[in-house]
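Input: a single structure, listed below in structure tokens.
The values are calculated or read from the model by the stated rules, or taken from the named source; none is laboratory data. These figures come from a predicted structure and were not determined experimentally. Note that each Cβ is placed from the backbone with ideal geometry, even for glycine, and that neighbours are counted across all protein chains shown.
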Amino acid sequence: MTTPEQANERFTEALKDMLLGEKLQLEIVSTQTGEIIIPANRKITLTLVRKLAAATQSGWHFRRVSFRRRRELESQLNESP
């Protein structure tokens, strides 16, 4: 029998295989809190994968980024060293 911890580890590994190192054009947002779990155009790290896996129980969804917000994100990326 699989424990909840083992199931979470397997789910995290599956997400890691799909998302690690990728950039999404959409934000991933918590359904419950509205918190941005993964910002748009951010390279997905293992920390973000774990955060997404942890948020799965409470729910999350994709959200389009407005043109204005996209410009802000792009300028932040260009400014970072």
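Looking across the range 36-55, the residues that are out of contact with any Lys or Arg (no Cβ under 8 Å at 6 or more places or on another chain) and either of a type in the set (Lys, Arg) or in contact (Cβ under 8 Å) with a residue 60 or more places away in the chain (or both) come down to Arg50, Lys51. State which residue pairs qualify: first residue closer than 14 Å to Arg64 by Cα and inside the range 12-31, second residue of a type in the set (A, V, I, L, M) and in a helix (DSSP H, G or I) in any location, beta carbons under 7 Å apart, and separation of 6 or more residues or different chains. As it stands, the answer is Ile28/Leu52; Ser30/Ala55, since those pairs meet every condition given. Condition check for Thr2 on (1) in a helix (DSSP H, G or I); (2) surrounded by fewer than 13 Cβ atoms within 10 Å (Cβ to Cβ); (3) among the polar types (S, T, N, Q): one failure, at (1). On the basis of being surrounded by fewer than 16 Cβ atoms within 10 Å (Cβ to Cβ) and either in a strand (DSSP E or B) or at pLDDT below 85 (or both), does Thr47 make the cut? When the stated conditions are applied, Thr47 does not pass them. Filtering the range 31-44 to residues that are surrounded by fewer than 16 Cβ atoms within 10 Å (Cβ to Cβ) and either at negative phi or in a helix (DSSP H, G or I) (or both) leaves Thr31, Gln32, Thr33, Glu35, Ile36, Lys43.
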